[in-house]
1. Is it the case that the range 79-89 has a residue that's under 15 Å from residue 32 (Cα atoms), surrounded by 15 or more Cβ atoms within 10 Å (Cβ to Cβ) and within 13 Å of the chain's Cα centre (by Cα)?
2. Filter the range 6-32 for residues that are modelled with pLDDT under 95 and surrounded by fewer than 16 Cβ atoms within 10 Å (Cβ to Cβ); which is farthest from residue 64 (Cα to Cα)?
3. Any residue in the range 2-21 that's in contact (Cβ under 8 Å) with a residue 40 or more places away in the chain and on the phi > 0 side of the Ramachandran plot: show its pairings with residues that are part of a helix (DSSP H, G or I) and loosely packed, with under 14 Cβ neighbours inside 10 Å at Cβ separation under 6 Å, as long as the two are six or more apart or on different chains.
């Protein structure tokens, strides 16, 4: 049986991708970790590429790929300055990654992802919203931007109003927008996480 990936929003994205006639070439911006969702795309016949800023997360992703005997092609990289040529990929996504930087850097990353996306290609990006339980915690870096401690490390989190990211998709067609509020138990406490997901088409 194929592995069920915890990044469930990407199942919807791959459904949209499969319904196009685009070449099955995909880029993951923020592809590291011990459960890289590029594996899902690989299993569905995609030519996969990924970039990851963190050396530790990159090592974990490549270990996973090696154990699964999958050529995921994940390498060190920065989504604020992608090394790829214009319109290199039919599909680009960033799951739970782009909001780990200040909003001025988010804009740079969004412009880079759109640049490497082919005409008529699809882009998935999700953002933290101000509904999230951690919004307001930590050292303030700007409007709804904070440096917060996560697993012992200082990590930037940027939080968005639900309509705020719409501006990144001007000139594109929003195919799907989903506002998600998740309630779950974390360290014995009930918490609420807020996200907004986008699937958009470059036109």
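1. There is at least one residue in the range 79-89 that is under 15 Å from residue 32 (Cα atoms), surrounded by 15 or more Cβ atoms within 10 Å (Cβ to Cβ) and within 13 Å of the chain's Cα centre (by Cα).
2. The residue in question is 8.
3. Note: no pairs meet the criteria.
The values are calculated or read from the model by the stated rules, or taken from the named source; none is laboratory data. None of the values given here were measured: they were computed from a predicted structure. We place every Cβ from the backbone using ideal geometry, glycine too, and count neighbours over all the protein chains shown.
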